Amino acid sequence: KQSAQPPIEEHRNMTPLVPICLFLIVGVSLTPSGKTSIENGIGYVQRAIQAALPCGDPQPAMAERVNVPQKLRLYLQDGSVGGTEGHNFRLYGQRFVLEDIPAAIFAHLRKDQIPSKPLVLYLTGDSNLGKTVFEKALRTFLYGHDRRVKQAITFDGTDIWRRGEINNIREEMVRAFDKCQINLFVFDKVDHMVPGTLDSIIDLLGYRKAVEVIREGKVVEVDFRRSIVLLMSNNGADEIQKLVGPIDDQGRDRQSLTRAKFEEALTDDIRSLSRDLYRKGLISYVVPFLPALHSDALLLIQSQLESLKKFHLIEFSKGFAACLSHKLEKTGPYIKGGFQAVDDIIKEQVHPRLPFGTKFSCQDGEVVAQRR
């Protein structure tokens, strides 16, 4: 007869976390300072849990060294590694992400050589074009689907501005290094950060073998060169539009646009983040996210319908994807609302009908769900 009680090992793994969490939550509830204390207390709980979690290397896929850039490229474009996972991670029309970045990440994490500096990627462009999708896909590709993995740490620019946590950023990065030497640091909404935020960590991003930091009153050296840093911003949207707009309006191929042209156009944008970041050449790649074309939205609709087809065992008539794409609101050659509009149209037109039909078609521009 099997016992209903979970194995002892599971209790042993979780036991250290329970008193830490209870102590901190109770301590927060007794403080009179209200919301700020609660937020700080939650942060302490998260850091305590994070410190108790194991540190592991990036997934075996990175260690295989066989066609890894192609694997990551397929993961971002088709939503899978080996066709088995990550089906919500898809990027279409963002060739500056798909062409160079997978190879750059692989080269940076190779175990047989040490990079000269952290890999710093500046992701910029309008909202809903894939920056967050890229960040989540990279995080999952490197470290798996376990959300508890602490090698990936996100700093939110709006939150930093509200709570004035500039000094905490440096402490968090050093604390992460104590546990893992290969980390993914994500700075979201850097255009909303307090001026000087990135300047406070500029030495951690530079060409230095070791950086001296103070830990527990002692000066120690840390080496951040294997880290990956994502700086995410919407600031460059207007400059990107100025470059790509005339080409898209004429229906010309975007291949004539080069990364160098975007880097030149975005110089002032980068300077506004941090003069030292620009002056010292610490950004490894500027990654512009281009406006969503109708053709890219159609590809995304087709891929999402294919996933629904497999999961729900349903059918879609020929031309159904094109029918949905025509419902998207357009501004010139672009889809208004970016790729989020694709998710919205599928949730609006398909999801409510899933329980009632197994075959979807489009009649006079309207979605029809029928039982087979």
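Figures for the structure shown
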quantity: For E315, residues with placed amide H under 5 Å, excluding near neighbours; calculated: K359, F360
quantity: Mean Cβ neighbour count within 10 Å, used as a protection proxy, ranking 246-252, 205-211, 134-140 highest first; calculated: 134-140, 205-211, 246-252
quantity: For the range 254-334, accessible area per residue (1.4 Å probe, heavy atoms of protein chains only), Å²; calculated: 51 Å²
quantity: Lysine pairs with alpha-carbon atoms under 19 Å apart, the range 292-372, spacing 8 or more or separate chains; calculated: 13
quantity: Under 30 Å from K280, Cα to Cα: lysines that are on another chain or at least 8 residues apart; calculated: K111, K117, K131, K136, K150, K179, K189, K209, K218, K242, K261
quantity: Equivalent ellipsoid semi-axes, the range 208-311, via Cα gyration tensor eigenvalues times 5, rooted, Å; calculated: 38, 23, 11
quantity: Fraction of accessible area attributable to carbon and sulfur, the range 325-372 (%, probe 1.4 Å); calculated: 48 percent
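The values are calculated or read from the model by the stated rules, or taken from the named source; none is laboratory data. It should be emphasised that the depicted structure is a prediction, and the values quoted were computed from it without experimental measurement. Cβ atoms come from the backbone with ideal geometry, glycine included; neighbour counts cover every protein chain shown. When the accessible area is computed, the model is the full protein with side chains, heavy atoms only, and any ligands, DNA or RNA have been set aside. Shrake-Rupley method; radii C 1.70, N 1.55, O 1.52, S 1.80 Å.
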